[in-house]
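Engineer: Quick one: the structure is below, and I'll ask about it shortly.
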Amino acid sequence: MKVVRVRLLKKGEMGIYAAGDHDLKKGDFVLVPTPSGPQVAEVLAPPFDLDLSGESTLSIIGPAEKKHLRKLEQVKKREMAAFRI
């Protein structure tokens with residue numbers, strides 16, 4: 001199975017997701033499913049083959065669009081403003 005290693009931008013966590021039919025490369029931004037809803041993540045390495053037989057792996061939802069990146073940036077700005085003294 002083709003998988004890709006990603007880093008969730010909001011949480012900083014890393015994970016491996018099934019790449020599916022998406023043409024991904026290092027530095028791309030994608031949407032991945034999480035328990036709290038879809039999150040924007042950065043692709044850390046090109047897709048690679050990994051034998052995950054018997055294991056359940058979540059799949060990339062798709063490429064992140066500009067609107068997703070703008071929303072993430074707005075959230076970061078609000079968080080920074082909330083911590084200013």
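Engineer: Of the conditions (1) exposed (fewer than 14 other Cβ atoms within 10 Å of the Cβ); (2) modelled with pLDDT of 90 or more, residue 54 satisfies every one except a single condition; which number is it?
Structural biologist: Exception for residue 54: condition (2).
Engineer: Report the residue count in segment 1-14 for those that are more than 12 Å from residue 59 (Cβ to Cβ), modelled with pLDDT of 90 or more and surrounded by fewer than 17 Cβ atoms within 10 Å (Cβ to Cβ).
Structural biologist: 4
Engineer: Hey, can you tell me all the residues within segment 19-56 that are closer than 27 Å to residue 75 by Cα, assigned to a strand (DSSP E or B) and not aromatic (Phe, Trp, Tyr)?
Structural biologist: Listed by number, the residues that qualify are 30, 31, 32, 39, 40, 41, 42, 43.
Engineer: Can you confirm whether residue 72 is touching a residue at least 60 places away in the same chain (Cβ under 8 Å) and of a type outside the set (Ser, Thr, Tyr)?
Structural biologist: Judged against the criteria, residue 72 is a match.
The values are calculated or read from the model by the stated rules, or taken from the named source; none is laboratory data. This structure is a prediction, so every number in the text was calculated from the model and none was measured. Cβ atoms come from the backbone with ideal geometry, glycine included; neighbour counts cover every protein chain shown.
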